[in-house]
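J.: Can you read through this structure? Questions will come right after.
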Amino acid sequence: MSMNERYEPHSIEPRWQGRWDQAGAFRTGRRAGAEPRYVLEMFPYPSGAMHMGHGRVYTIGDALARYLRMRGHDVLHPIGFDALGLPAENAAIKDGRHPGERTRENIVAFRAEMKSLGYSFDWEREISTCDPEYYRWNQWFFLRMLERGIVYRREGKANWCTGCNTVIANEQVVDERCERCESPVVEKVIPEWAFRITAFAQDLLDGLDRLTEWPERITTMQRNWIGKSVGAEVAFALSPAPLRGATEVRGQAVPGGPAIDVFTTRVDTIFGCTYVVLAPEHPLVERVTAPERRDEVRAFVERMRKTEAAQRTGEDAPKEGVFTGARAVNPYTGEEVPVWIANFVLAEYGTGAVMSVPAHDQRDFEFARKYGLPVRVVIQPEKGDRLPPGDVLSQAFTQDGVVEASGRFSGLPSAKAREVMAEEASAKGFGKATVRWHLRDWGFSRQRYWGTPIPVVYCPTDGIVPVPDAQLPVVLPDEAIITGKGEPPLAKVPAFVNTTCPRCGKPARREVETMDTFVDSSWYYARYLSPHDATRPFDPAEAKKRLPIDVYVGGPEHAVMHLLYFRFWHRVMHQLGLVHEDEPCKRLVTQGIVNGPDGRKMSKRWGNVVQPGPMVRKYGADTLRLFILFAAPPEKDIDWSDEQVDGLFRFITRVWRLFHARQDCFAVADPKVLAQASGDSLELRRKTHRTIQRVTDGFDKELKFNTGIAALMELVNALYQLEPKGEPDRAAVREALVAVSTLLAPFAPHVAEELWHEVLGPAARDRLLADEPWPSFDPALVAADTVTIAVQVNGKLRGEVQAPAAAGEAEVRALAEAEDRVKAHLAGKTVRKVVFVPKRLMNFVIGG
Ligand code: ANZ
């Protein structure tokens with residue numbers, strides 16, 4: 001039967017999808033004994049139709065998964081849905097439908113779109129986090145962590161909407177108002193559940209050093225987010241002591257009254273401190289402010305309360321503040337300095353108070369110049385010019401150096417000074433060395449409906465009582481009324497709330513708050529290992545075999561939330577003995593954005609949104625996949641381009657026509673015939689093998705699918721140029737056609753299967769290209785550009801080397817000297833002269 005002349009993706013694609021499905025081609029565990037690989041893409045939040053960002057992330061992961069399967073691995077490539085959480089609940093409030101109903105509908109649509117793109121997922125492992133069989137294990141983990149003190153209850157600060165009377169998320173606060181009802185939002189202290197992620201801070205930090213296959217940008221962001229600062233706390237006593245208030249610092253009486261504790265990473269600069277600054281929200285502000293300055297201070301505090309932290313402390317934000325009228329004593333010098341409040345000091349960080357050293361801190365410098373405060377140089381650069389005096393200094397010198405004008409510490413290098421100054425502070429009781437972390441514990445309870453119920457009950461007799469394992473899952477009731485206002489929705493479902501205490505059997509109330517969705521995504525990758533396991537979260541034996549994840553693909557926007565939380569959770573699972581190592585993922589690939597055709601981020605606002613669904617319907621999945629992979633390497637942003645998409649459709653059509661035109665080459669030839677290829681057909685063979693090498697490198701080395709696809713395009717051009725005349729020509733063409741279809745398999749898998757089957761015919765009727773081994777290249781053909789160079793020592797042939805034809809004397813000499821036999825003849829001798837004939841000969845002339 002001869003091949004159809006036209007490329008018709010819509011008749012090809014569903015057919016192959018069906019064949020793969022039928023054969024279970026992508027089921028994990030089919031290849032007993034094969035080395036396992038785990039390729040994972042971040043699972044989608046099914047809030048609407050699939051968008052191009054999804055299209056990109058799954059296409060990248062899929063190409064890799066398909067490649068690794070062809071390399072003979074047993075690949076785990078699963079998919080599921082991150083189905084609980086705020087977006088679904090908010091959408092439900094808007095259109096009055098139950099979030100579950102809506103989410104399940106979205107999942108059906110999403111799944112169909114993913115299937116139409118030909119992704120090689122093991123669909124039997126699909127999970128949805130809104131399934132009680134999934135979230136029961138969130139509850140199970142919660143209980144284990146509660147037992148170990150990793151989960152605890154605390155007083156947390158929350159955004160409280162004064163209109164809806166509920167806590168709302170940061171993302172819902174717009175200009176200090178509620179995004180939904182526009183009422184003012186205030187900060188309120190309410191009890192909440194938190195994970196003690198800070199107990200893992202050091203370990204999470206250390207682990208980053210081992211993540212050598214993560215983008216450095218991400219590990220740096222995590223490092224900053226964890227934010228370890230080694231420094232000192234120093235108490236500046238207030239002078240004179242205010243009338244009210246405590247008179248001790250850390251339990252020790254301080255002469256003169258209460259003190260301001262500052263946190264500094266540069267105690268070596270303390271002799272240069274010329275003022276102290278409190279955060280506007282610092283509890284001492286009211287107490288220390290002099291009566292005549294009260295109005296001004298209060299007005300400033302009020303204004304700061306309304307300004308966002310990021311805006312207050314941004315590098316470009318103008319530094320501003322007010323004097324409180326108070327003074328504090330530098331414990332090292334006995335000197336009194338003024339106490340200010342300023343926008344750039346944050347209440348939540350350190351002690352909420354800083355000692356300002358304008359000569360050595362740029363913020364302090366700008367502030368001092370603005371308000372006419374003194375600038376005193378106390379650090380000199382180790383090398384180079386000395387700094388001028390403070391009053392003419394043009395900017396802060398912020399590096400370490402040598403301490404000066406600092407009494408007994410003068411002459412010490414900064415690091416040493418920090419050490420001895422901290423020692424002195426603790427010996428004298430006015431301070432100590434400390435470590436501060438930016439990382440905070442993770443408050444995870446939400447006053448929302450569409451989340452995992454927290455498995456505890458409140459009993460009037462026994463207090464907070466965990467729900468026993470045997471009673472899990474605590475199922476989210478279907479009938480809640482969700483308004484987004486007032487009490488948590490679960491509080492209004494009596495059948496849910498009213499229960500009995502597992503301990504004393506008397507009436508008790510269930511916890512009505514639910515878990516943050518980030519809980520769901522913190523361990524889902526492990527559930528895929530045994531998704532139907534009804535007795536445990538996952539099978540540890542499978543975990544031992546398949547974890548850590550080999551390659552994880554997802555958006556860089558998850559750098560510090562999800563990607564930190566899942567590292568934390570993995571460590572908890574390690575402590576529980578469920579996994580063998582403490583990092584969940586070896587290699588992370590963060591994909592770039594797909595912008596609109598105008599180069600702007602796709603958005604309804606710009607009218608530049610292009611969705612995968614309509615594109616698949618217009619061009620077929622293979623064209624869309626090729627566009628995504630060809631436009632740029634995975635990490636780079638790309639702009640949607642109709643012309644390029646058209647171009648790739650034309651490329652596939654061209655490949656199709658080529659196969660059609662070369663049907664006379666499909667018959668298998670004797671390998672001896674292929675070896676007879678010479679001239680143009682030998683050139684074609686070289687090109688074929690070099691293409692195999694380039695596409696393979698695009699997977700094995702840096703992920704660069706685009707260069708592999710470009711190589712394939714060149715090979716197709718070369719094929720068009722060869723008009724086969726004899727048997728050896730036809731054999732070389734057939735070899736190239738098989739290679740083209742095989743190499744296309746990870747990128748454009750449907751047309752690849754079709755063409756490959758056309759060439760192989762009945763011999764491959766029951767086989768699938770998706771299951772075939774990846775082609776290898778013949779090094780001799782790839783090395784076509786290398787030449788053999790004879791190496792002589794004093795005119796006698798002592799060896800030969802393979803070198804690139806273009807190699808010059810130095811390169812060839814290095815290769816020659818590395819040759820064992822040549823090396824032996826040169827050992828201990830002096831080379832007097834080297835004679836080099838490019839592409840032919842190198843002669844070492846040695847003496848004595
Ligand atoms: C005096 C000093 C002198 C400082 C100097 C720096 C350079 P990291 O490394 O990020 O931890 N700081 C302390 N608490 C602060 C707060 N609540 N809000 C704003 N800034 C605060 O930064 C520590 C440094 O940030 C501390 O060291 C303090 O300024 C400031 F030449 O103390 B330093």
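J.: Considering Thr162, Thr166, which residue is in contact with a strand residue (DSSP E or B) (Cβ under 7 Å, 6 or more places away or on another chain), in contact (Cβ under 8 Å) with a residue 12 or more places away in the chain and either hydroxyl-bearing (Ser, Thr, Tyr) or under 30 Å from Gln22 (Cβ atoms) (or both)?
T.: Thr162
J.: If you go through the stretch 251-281 one residue at a time, how many are part of a loop (DSSP other than H, G, I, E, B), more than 9 Å from the ligand (Cβ to nearest atom) and either at pLDDT below 95 or surrounded by fewer than 20 Cβ atoms within 10 Å (Cβ to Cβ) (or both)?
T.: The qualifying residues number 7.
J.: Then there is this: Quick one: which of Phe142, Phe110 is under 30 Å from Thr623 (Cα atoms), part of a helix (DSSP H, G or I), hydrophobic (A, V, I, L, M, F, W, C) and in contact with a helix residue (DSSP H, G or I) (Cβ under 9 Å, 6 or more places away or on another chain)?
T.: When all the criteria are applied, what remains is Phe110.
J.: Could I ask something else about it? Is there any pair linking a residue in the stretch 308-322 that is within 14 Å of the ligand (Cβ to nearest atom) to one that is acidic (Asp, Glu) and in a helix (DSSP H, G or I), with Cβ under 9 Å and at least six apart or on different chains, and which?
T.: Taking only residues 6 or more apart or on different chains, the pairs are Lys319/Asp364; Lys319/Glu366.
J.: Quick one: in the stretch 355-375, of everything that is within 10 Å of Cys273 (Cα to Cα) and buried (at least 20 other Cβ atoms within 10 Å of the Cβ), which residue is farthest from the ligand (Cβ to nearest atom)?
T.: Val375
J.: Residue check: is Ala415 of a type outside the set (Lys, Arg), in a helix (DSSP H, G or I), surrounded by fewer than 22 Cβ atoms within 10 Å (Cβ to Cβ) and more than 12 Å from the ligand (Cβ to nearest atom)?
T.: So Ala415 passes the test.
J.: For the stretch 151-205, what are the residues that are farther than 29 Å from Arg436 by Cβ and in contact with a Pro (Cβ under 9 Å, 6 or more places away or on another chain)?
T.: Cys161, Thr162, Gly163, Thr166, Arg177, Cys178
J.: Another question, then. Among the residues of the stretch 769-778, is any of a type in the set (Asp, Glu) and under 27 Å from Gly620 (Cβ atoms)?
T.: yes
J.: Sticking with this structure for a sec: Would you please name the residue that is farthest from the ligand (Cβ to nearest atom), looking only at residues in the stretch 330-354 that are touching a Phe, Trp or Tyr at 6+ places or on another chain (Cβ under 6 Å) and part of a strand (DSSP E or B)?
T.: Pro338
J.: From the list Ala328, Ala310, which one is at pLDDT 90 or above, among the aliphatic types (A, V, I, L, M) and either out of contact with any Asp or Glu (no Cβ under 9 Å at 6 or more places or on another chain) or within 16 Å of Phe263 (Cβ to Cβ) (or both)?
T.: Matching residue, one of Ala328, Ala310: Ala328.
Yes/no matrix, rows are residues, columns are (1) modelled with pLDDT of 95 or more; (2) out of contact with any Cys (no Cβ under 8 Å at 6 or more places or on another chain); (3) in a helix (DSSP H, G or I); (4) within 30 Å of Pro455 (Cα to Cα):
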residue: Glu171; (1), (2), (3), (4): no, yes, yes, yes
residue: Ile190; (1), (2), (3), (4): no, yes, no, yes
residue: Asp203; (1), (2), (3), (4): yes, yes, yes, yes
residue: Gln222; (1), (2), (3), (4): yes, yes, yes, no
residue: Val234; (1), (2), (3), (4): yes, yes, no, no
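J.: Let me spell it out: the conditions are (1) touching a residue at least 60 places away in the same chain (Cβ under 8 Å); (2) surrounded by 14 or more Cβ atoms within 10 Å (Cβ to Cβ); (3) within 37 Å of the chain's Cα centre (by Cα), and Leu737 meets all of them except one. Which number is the exception?
T.: (3)
J.: Just to be sure I understand the filter: pairs with C-beta atoms under 7 Å, separated by 6 or more residues or on different chains, first member in the stretch 40-61 and more than 14 Å from Gly592 (Cα to Cα), second member in a helix (DSSP H, G or I) and among the polar types (S, T, N, Q). Which pairs pass?
T.: If the second residue must be in a helix (DSSP H, G or I) and among the polar types (S, T, N, Q), the pairs left are Pro46/Thr103; Pro46/Asn106; Ser47/Asn106; Gly48/Asn106.
J.: Could you please tell me which pairs satisfy a Cβ distance under 6 Å, a separation of 6+ or placement on different chains, a first residue in the stretch 575-588 that is farther than 14 Å from Leu529 by Cβ, and a second residue that is crowded, with 20+ Cβ neighbours inside 10 Å and basic (Lys, Arg)?
T.: Asp582/Arg571
J.: Follow-up. Can you find even one residue in the stretch 472-490 that is of a type in the set (Lys, Arg) and either modelled with pLDDT of 95 or more or surrounded by fewer than 19 Cβ atoms within 10 Å (Cβ to Cβ) (or both)?
T.: yes
J.: Can I ask one more? Scan the stretch 759-796 for residues that are surrounded by fewer than 12 Cβ atoms within 10 Å (Cβ to Cβ), out of contact with any strand residue (DSSP E or B) (no Cβ under 7 Å at 6 or more places or on another chain) and within 22 Å of Leu815 (Cβ to Cβ) and jot them down.
T.: Answer for the stretch 759-796, where residues must be surrounded by fewer than 12 Cβ atoms within 10 Å (Cβ to Cβ), out of contact with any strand residue (DSSP E or B) (no Cβ under 7 Å at 6 or more places or on another chain) and within 22 Å of Leu815 (Cβ to Cβ): Pro779, Ala780, Lys796.
J.: While we're on this one: Would you confirm whether or not the stretch 600-619 contains a residue that is hydroxyl-bearing (Ser, Thr, Tyr), modelled with pLDDT of 95 or more, surrounded by 21 or more Cβ atoms within 10 Å (Cβ to Cβ) and in a helix (DSSP H, G or I)?
T.: There is no residue in the stretch 600-619 that is hydroxyl-bearing (Ser, Thr, Tyr), modelled with pLDDT of 95 or more, surrounded by 21 or more Cβ atoms within 10 Å (Cβ to Cβ) and in a helix (DSSP H, G or I).
The values are calculated or read from the model by the stated rules, or taken from the named source; none is laboratory data. Just so it is clear, the model here is predicted, and its values are computed rather than measured. Every residue, glycine among them, receives a Cβ derived from its backbone with ideal geometry; neighbour counts consider all protein chains shown.
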